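Notes follow once the structure below has been shown.
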Amino acid sequence: MRPAGLVLIVAVAAASGAHAQKFDGLAATPPMGWNSWNHVGCDVTEAVIRETADAMVATGMRDAGYVYVVIDDCWHGERGADGKIQPDPERFPSGMKALADYVHAKGLKLGIYSDAGWETCGGRPGSRGHEYQDALTYAAWGIDYLKYDWCATEGLNAEGAYQTMGRALAAAGRPVVFSLCEWGDNRPWEWGPAIGHLWRTTGDIAPCWDCEVDHGDWSSWGVLRILDMQDGLRIHAGPDHWNDPDMMEIGNGMSASEDRAHFSMWAMLAAPLIAGNDLRTMSESTRAILINDEVIAVDQDPLGIQGFKYRSDGDLEIWFKPLAGEDWAMCVLNRGEAPRQVVLDWQAELVADDLADREALFKARLYRVRDLWTGEILGTTRRKLSAEVPGHNVLMVRLIRLLDAQD
Ligand code: GLA
């Protein structure tokens with residue numbers, strides 16, 4: 001007869017094995033960094049990555065919290081005779097290990113891109129059938145973040161394919177943030193939390209306010225379109241498992257007010273803040289948006305609760321996000337072109353969130369209202385807020401809890 005103790009040990013080992021695939025604690029708040037795709041596309045080189053790492057430090061991006069420098073598609077060369085993936089020797093002549101050393105020496109982390117299928121979306125070698133080998137290669141290079149795409153995966157099961165790479169990363173042993181880029185096709189918010197730290201909820205973003213860009217058999221989407229696609233998903237997000245509405249398009253051609261609104265809404269969504277513009281040449285206005293520390297603090301709030309749409313009235317939407325302690329963030333989004341007047345009588349509002357189990361209780365509690373784009377104090381919640389929100393722009397405030405109001 002088999003001793004009962006042995007059965008128990010085997011059962012415990014199997015159970016912990018099932019969880020061993022994800023590196024916990026790497027994304028307690030939404031990951032922040034830069035990714036090559038939105039601006040550089042397939043023209044990524046080691047020079048671009050080095051210069052971007054330099055710019056992340058020089059522009060203050062690193063100090064604002066942007067840590068990951070992620071090389072997206074098209075870095076790949078061929079697989080060697082032993083199946084080992086090589087970087088393109090012309091674009092990355094020094095090799096990935098040297099590049100990782102360079103990036104690490106700047107106090108940054110290096111990310112890379114692969115695909116669950118046979119080919120990446122750019123037609124480079126995918127990881128299908130090479131998952132464990134690729135994970136070991138990335139670990140040897142010193143890679144800290146993997147974005148894993150979903151092209152050329154016909155016939156594959158999404159959860160299984162992502163689980164295989166997750167297990168391969170765990171087996172390789174180097175802590176890696178695992179970013180699932182499956183476009184929301186197979187409801188990754190339902191199975192992604194056990195496997196990765198973030199999952200794309202939609203198709204690709206485009207640098208426009210409210211457009212659909214038709215690419216033939218697929219479309220990319222403007223900021224408002226992507227925002228609307230997040231509806232209903234907030235219950236799935238939290239520390240170490242985030243909805244990813246895609247990399248940012250700030251500095252890629254929209255107006256400054258559209259960029260400001262885009263950044264504000266990504267913060268309200270507790271979205272990963274992955275810049276997608278050219279950091280080497282960005283304007284001062286773009287830089288100021290990306291490093292606004294009070295908006296970043298809303299995104300990075302340790303409570304880790306994604307915000308919600310509280311009310312809408314035509315083009316005007318009012319969003320709230322509960323923050324750690326007793327504070328709240330509020331963002332009034334004007335989707336239209338014409339300026340809109342917003343009047344908020346806090347005392348008449350009932351802001352509650354079941355997910356965070358919180359109520360703002362404006363009748364019993366007093367908050368200071370701080371504009372996060374001007375730094376101005378707009379009074380307290382004792383008196384009405386009245387403001388004009390220009391077209392394609394936001395009013396974003398933090399409600400800072402003060403001493404209890406006396407009725
Ligand atoms: C897909 C992804 C993008 C980008 C490209 C690269 O479209 O969704 O974010 O990685 O592939 O080819």
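The values are calculated or read from the model by the stated rules, or taken from the named source; none is laboratory data. Everything numeric in this text was worked out from a predicted model, so none of it was measured. With ideal geometry, Cβ positions are generated from the backbone for all residues, glycine too; neighbour counts draw on all protein chains shown. These accessible areas exclude ligands, DNA and RNA; they are computed on the full protein's heavy atoms, side chains included. Shrake-Rupley method; radii C 1.70, N 1.55, O 1.52, S 1.80 Å.
Does segment 142-151 include one or more residues that are of a type in the set (Asp, Glu) and in a strand (DSSP E or B)?
Yes: one or more hits.
Determine whether residue 282 is within 16 Å of the ligand (Cβ to nearest atom), open to solvent by 10 Å² or more (accessible area, probe 1.4 Å), in contact (Cβ under 8 Å) with a residue 24 or more places away in the chain and not in a helix (DSSP H, G or I).
On the way: within 16 Å of the ligand (Cβ to nearest atom): no; open to solvent by 10 Å² or more (accessible area, probe 1.4 Å): yes; in contact (Cβ under 8 Å) with a residue 24 or more places away in the chain: yes; not in a helix (DSSP H, G or I): yes.
For residue 282, the condition - within 16 Å of the ligand (Cβ to nearest atom), open to solvent by 10 Å² or more (accessible area, probe 1.4 Å), in contact (Cβ under 8 Å) with a residue 24 or more places away in the chain and not in a helix (DSSP H, G or I) - is not met.
Is it the case that segment 169-185 has a residue that's open to solvent by 30 Å² or more (accessible area, probe 1.4 Å), in the same structural domain as residue 101 (by TED's automatic domain parsing), within 16 Å of the ligand (Cβ to nearest atom) and in contact (Cβ under 8 Å) with a residue 12 or more places away in the chain?
The answer is yes, given that some residue of segment 169-185 is open to solvent by 30 Å² or more (accessible area, probe 1.4 Å), in the same structural domain as residue 101 (by TED's automatic domain parsing), within 16 Å of the ligand (Cβ to nearest atom) and in contact (Cβ under 8 Å) with a residue 12 or more places away in the chain.
Report whether or not residue 162 is out of contact with any His (no Cβ under 9 Å at 6 or more places or on another chain), modelled with pLDDT of 95 or more, among the hydroxyl-bearing types (Ser, Thr, Tyr) and within 11 Å of the ligand (Cβ to nearest atom).
No, not satisfied.
Mind checking whether some residue in segment 110-133 is over 30 Å from residue 184 (Cα atoms) and in a loop (DSSP other than H, G, I, E, B)? Quick ask: steps written out before the conclusion?
Narrowing segment 110-133 to residues over 30 Å from residue 184 (Cα atoms): none.
Checked segment 110-133: no residue is over 30 Å from residue 184 (Cα atoms) and in a loop (DSSP other than H, G, I, E, B).
Mind counting the residues in segment 326-348 that are free of Cβ contacts under 8 Å to residues at least 40 places away in the same chain and surrounded by 16 or more Cβ atoms within 10 Å (Cβ to Cβ)?
Looking only at that region, the number is 1.
Step by step: first the residues of segment 198-213, then only those that are of a type outside the set (A, V, I, L, M, F, W, C), assigned to a loop (DSSP other than H, G, I, E, B) and more than 11 Å from the ligand (Cβ to nearest atom), then the one that is farthest from residue 181 (Cα to Cα). Which residue is that?
Filtering segment 198-213 down to residues of a type outside the set (A, V, I, L, M, F, W, C) leaves 200-204, 207, 210, 212.
Narrowing further to those that are assigned to a loop (DSSP other than H, G, I, E, B): 201-204, 207, 210.
Of the ones still in play, those that are also more than 11 Å from the ligand (Cβ to nearest atom) are 201, 207, 210.
On the way: 201: 8, 207: 19, 210: 22 Å.
It comes out as 210.
Out of segment 112-144, which residues are touching a Leu at 6+ places or on another chain (Cβ under 7 Å) and away from the ligand (no atom under 11 Å from the Cβ)?
Going residue by residue through segment 112-144, those that are touching a Leu at 6+ places or on another chain (Cβ under 7 Å) are 112, 114, 116-117, 135, 138, 142-144.
Within segment 112-144, 112, 116, 117, 135, 138, 142, 143, 144 qualify.
Here's a check for you: in segment 357-407, which residue that is free of Cβ contacts under 8 Å to residues at least 12 places away in the same chain, open to solvent by 40 Å² or more (accessible area, probe 1.4 Å) and not in a loop (DSSP other than H, G, I, E, B) is farthest from residue 317 (Cα to Cα)?
My answer is 377.
Inspect segment 310-325 for any residue being open to solvent by less than 10 Å² (accessible area, probe 1.4 Å) and polar (S, T, N, Q) and give the result as yes or no.
Checked segment 310-325: no residue is open to solvent by less than 10 Å² (accessible area, probe 1.4 Å) and polar (S, T, N, Q).
Does segment 215-224 contain at least one residue that is assigned by TED's automatic domain parsing to the domain that holds residue 269, more than 16 Å from the ligand (Cβ to nearest atom) and either among the charged types (D, E, K, R) or surrounded by fewer than 24 Cβ atoms within 10 Å (Cβ to Cβ) (or both)?
Yes; the residues of segment 215-224 include at least one that is assigned by TED's automatic domain parsing to the domain that holds residue 269, more than 16 Å from the ligand (Cβ to nearest atom) and either among the charged types (D, E, K, R) or surrounded by fewer than 24 Cβ atoms within 10 Å (Cβ to Cβ) (or both).
Out of the residues in segment 225-238 that are outside any loop (DSSP other than H, G, I, E, B) and open to solvent by 20 Å² or more (accessible area, probe 1.4 Å), which is nearest to the ligand (Cβ to nearest atom)?
225
Between 191, 242, which is free of Cβ contacts under 8 Å to residues at least 40 places away in the same chain, open to solvent by less than 40 Å² (accessible area, probe 1.4 Å), away from the ligand (no atom under 14 Å from the Cβ) and within 25 Å of residue 29 (Cβ to Cβ)? If you could, list the steps in order and put the result at the bottom.
Details: 242 fails: free of Cβ contacts under 8 Å to residues at least 40 places away in the same chain.
Selected residue: 191, the only one of 191, 242 that is free of Cβ contacts under 8 Å to residues at least 40 places away in the same chain, open to solvent by less than 40 Å² (accessible area, probe 1.4 Å), away from the ligand (no atom under 14 Å from the Cβ) and within 25 Å of residue 29 (Cβ to Cβ).
When the residues of segment 197-222 are narrowed to those that are within 20 Å of residue 40 (Cβ to Cβ) and in contact (Cβ under 8 Å) with a residue 60 or more places away in the chain, which ends up nearest to the chain's Cα centre (by Cα)?
205
Would you say residue 270 is assigned to a loop (DSSP other than H, G, I, E, B), buried (at least 24 other Cβ atoms within 10 Å of the Cβ) and either at pLDDT 95 or above or not assigned by TED's automatic domain parsing to the domain that holds residue 381 (or both)?
yes
Okay, residues lined up against (1) closer than 15 Å to residue 47 by Cα; (2) touching a Ser or Thr at 6+ places or on another chain (Cβ under 9 Å); (3) not hydroxyl-bearing (Ser, Thr, Tyr):
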residue: 78; (1), (2), (3): no, no, yes
residue: 81; (1), (2), (3): no, no, yes
residue: 98; (1), (2), (3): yes, no, yes
residue: 115; (1), (2), (3): no, yes, yes
residue: 166; (1), (2), (3): no, no, yes
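Scan segment 30-63 residue by residue and report those that are open to solvent by less than 30 Å² (accessible area, probe 1.4 Å), away from the ligand (no atom under 13 Å from the Cβ) and assigned to a helix (DSSP H, G or I).
Of everything in segment 30-63, those that are open to solvent by less than 30 Å² (accessible area, probe 1.4 Å), away from the ligand (no atom under 13 Å from the Cβ) and assigned to a helix (DSSP H, G or I) turn out to be 46, 48, 49, 52, 53, 55, 56, 61.
Taking only segment 245-262 into account, find how many residues are aliphatic (A, V, I, L, M) and surrounded by fewer than 19 Cβ atoms within 10 Å (Cβ to Cβ).
Applying the first criterion (aliphatic (A, V, I, L, M)) to segment 245-262 yields 247-248, 250, 254, 256, 261.
Next, from what is left, pick out any that are surrounded by fewer than 19 Cβ atoms within 10 Å (Cβ to Cβ): 256.
Residues meeting the conditions: 1.
List pairs: first residue in segment 38-50 and farther than 22 Å from residue 206 by Cα, second residue among the basic types (Lys, Arg) and more than 12 Å from the ligand (Cβ to nearest atom) anywhere in the structure, Cβ distance under 6 angstrom, at least six positions apart or on different chains.
45/91
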